[in-house]
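Single-structure report; data block below.
The values are calculated or read from the model by the stated rules, or taken from the named source; none is laboratory data. Everything numeric in this text was worked out from a predicted model, so none of it was measured. Virtual Cβ from ideal backbone geometry, glycine too; neighbours counted across all protein chains shown. When the accessible area is computed, the model is the full protein with side chains, heavy atoms only, and any ligands, DNA or RNA have been set aside. Shrake-Rupley method; radii C 1.70, N 1.55, O 1.52, S 1.80 Å.
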Amino acid sequence: MSELTADYDQLLGDDIPLLDLRAPVEFIEGAYPHANNLPLMSDEERALVGTCYKQQGQAAAIELGHQLVAGELREQRLQGWLNWLEQHPTGVIYCFRGGLRSQTVQQWLSDAGRPVTRVEGGYKALRRHLLQEIETGFEQPGFVLSGLTGSGKTDWLARTPLALDLEGCAHHRGSSFGHWGEPQPTPIDFENRLAIARLKQRRAGIGSWLVEDESAMIGRCPLPKSLYLRMQRTPILLLEVPFEQRVRQIQHDYVDVMQGHFNDDMERLEAYLQDSLKRLYKRLGDRDWRRLSQQMTDAIHQQQQGFGSDGHQEWIAELLGRYYDPIYRRHQVDKEDRIIKRGEADELAEWLANRPESQTAS
């Protein structure tokens, strides 16, 4: 690469290692999946320079920045960048707007015998590129996958290259039980992940797209408004799965998988399940919530005694039949005219694979 690059498709689509020179507070608000943060200035130093810029102008701010990051501190940070570039020889650097911070670091690295490419326009230009991807990348025809809770929609999505995993990008399964026990990405990071996934699809010649039917929020991550509105007009594929199979799917996803996720810590598993059920307290009512909560506790105790996780099927079946299914069917009434294909997993997969939209452009 040259000293300056504006090939944002390549940077984001090829997972080029990115060295983010912004302050930590900026990085936390929003970043890119393959970016590492080794800032030129700390949060405190950035704040001091910013105040100086407002009060005394650019020249004074630049001078203060050089005073703050000088001597041994400058050498420590320079060595950190050199170490990172040794591990990521194709890496590029950027700051917020591709301005003074990244230019300064680029010059210091060059003086140290390690030329490096920086991103023209910096973080802001990359972010603008991804927002444009969200606005225009879904203009081609797509599909929405729908189905009752526990139908295994997320697993089915992996069967087609058209699929974009919204819940994977949001690190949340989209239901009261959908949180993983860890923080979700920031809304900006969620948008960035989604846009990059779509960018990679289009670069691979995949024009059409398919997403799971979601509400406007996936946990704490809002879907981009333009995509959400487009999803409300998009043809639906309806995945049909027997009730008993759905119960086992929920048991697998929210009990067995989460038990492994918590390293067989049954106290954490019970806390996760009970916390998820508590989110439904107002809708279930006190009596039903208490009964289901007790069933859940009994099932955990059975597991601790070595009887496996099948005891959870009692509360899962009741929650599906009395809560989730009625809600889904009420919402599905307004979507019936958009359903273009319904069937079991293999039937839907075969139908979609034979559609012209599924053919990759050469």
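Below, the figures for the structure above:
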| quantity | calculated |
| --- | --- |
| In region 71-120, the residues that are among the small types (Gly, Ala, Ser), open to solvent by 40 Å² or more (accessible area, probe 1.4 Å) and at negative phi | 110, 112 |
| Cβ-Cβ under 7 Å pairs, at least 6 apart or on other chains, region 4-23 side open to solvent by 30 Å² or more (accessible area, probe 1.4 Å), far side assigned to a loop (DSSP other than H, G, I, E, B) | 4/120; 6/120; 6/121; 10/16; 15/34 |
| Residue 205, sole failed condition from (1) surrounded by fewer than 20 Cβ atoms within 10 Å (Cβ to Cβ); (2) in contact with an Asp or Glu (Cβ under 9 Å, 6 or more places away or on another chain) | (2) |
| Subset of region 221-237 that is touching a strand residue (DSSP E or B) at 6+ places or on another chain (Cβ under 8 Å) and more than 17 Å from residue 170 (Cβ to Cβ) - its residue that is surrounded by the fewest Cβ atoms within 10 Å (Cβ to Cβ) | 235 |
| Verdict on residue 317 being closer than 17 Å to residue 250 by Cβ, surrounded by 15 or more Cβ atoms within 10 Å (Cβ to Cβ) and touching a His at 6+ places or on another chain (Cβ under 7 Å) | no |
| So residue 310, is it open to solvent by 70 Å² or more (accessible area, probe 1.4 Å) and farther than 30 Å from residue 337 by Cα | yes |
| Breaking point among (1) open to solvent by less than 100 Å² (accessible area, probe 1.4 Å); (2) part of a helix (DSSP H, G or I); (3) of a type in the set (Lys, Arg), for residue 341 | (2) |
| Residue within region 67-75 that is under 28 Å from residue 190 (Cα atoms) and among the polar types (S, T, N, Q) present | no |
